Amino acid sequence: MSSPVDGPRPDLLTALRQRWLLVLLLAVAGALLLGGAQLLRPDVYTSSADVVWRANGGQVLPELPVADDGDPVRSLSTEAAVVVGDQVMEVAARTADVAADDLREATTVEVQESSNVLVISVTADSAEEARDRAAAVADAYVTGNRERGTASLTAQADALQQQIDTLTRQLDDIAAQEARILDLPGGVLDPTTGVRRDALVEQLAEASQRQNELRTSAALYTGQADVISGAALPDAPSSRSLPVATALGGALGLLVGVLLAIALGRRGPRRTSRPELAGPPADAPPDRRSA
């Protein structure tokens with residue numbers, strides 16, 4: 001028996017020449033598909049606001065904890081997560097009159113390269129909605145940052161009040177004790193009591209001063225975040241344009257057509273020679289077993 005013999009396989013140019021119509025049809029189909037999809041898809045708009053974040057900004061006294069051990073990259077990543085957190089989203093959603101989950105889905109936060117700037121972008125069905133919602137998110141984040149810092153400073157000041165009250169009671173007890181002693185005939189004050197009273201007075205003065213400084217810091221605190229570039233009205237949709245979508249679809253269709261033409265060309269038609277069965281010679285005597 002003879003073995004199969006493969007026919008010649010066409011090269012790339014030959015495959016493309018033989019199937020140019022297939023390639024063209026796929027390119028046109030891709031352009032029409034993506035172009036038509038773009039026509040059916042409504043336009044969307046995106047507006048962005050730039051917010052600068054400073055680790056120690058806005059503080060009269062360095063009383064607020066530094067997030068993420070002072071690592072600026074981690075701190076900015078943390079703040080980006082705060083922007084899309086529930087607290088900010090719920091406030092911004094009420095301002096923009098939209099569901100918080102929908103606003104979160106339409107919001108992206110990026111850290112501007114080599115800076116402490118957070119770029120807050122919001123996508124919506126209209127340019128006005130995109131602008132208003134981006135502004136609402138940025139304002140909610142900045143306001144929330146300031147309010148959290150103020151609350152932290154106020155809480156520290158309030159925590160000192162218990163110490164101040166305790167010191168005041170101790171001084172009142174010493175004063176009452178000394179008054180009773182002095183009311184007695186020949187009463188003599190204990191020198192150690194005076195030393196203790198002076199120490200308490202000093203502690204009370206320090207605690208009171210500390211509390212006043214914290215309350216002043218809370219009153220003057222401006223926050224660690226500020227809007228440096230407000231949300232603007234988008235000039236054009238942010239969705240892909242019709243010419244771009246059509247060109248992209250045509251390029252994808254062309255690529256698929258070329259690959260398919262190459263694959264079909266490599267398979268190619270194959271000729272296979274089948275062995276012919278040899279019969280008995282014409283002059284051979286008949287087979288007796290068949291008789």
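Only the coordinates and a few stated rules stand behind these numbers; no lab work does. Computed from a prediction, not measured in an experiment: that's the story for all the values here.
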When only C-alpha pairs under 8 Å and at least 6 residues apart count, what is the relative contact order of the stretch 42-238, in percent? 39 percent
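Could you tell me how many cubic angstrom of Cα convex hull volume the stretch 42-238 has per residue? Working shown, then result.
On the way: hull volume 25.5 nm³, N = 197.
About 130 Å³ per residue, rounded to a whole number.
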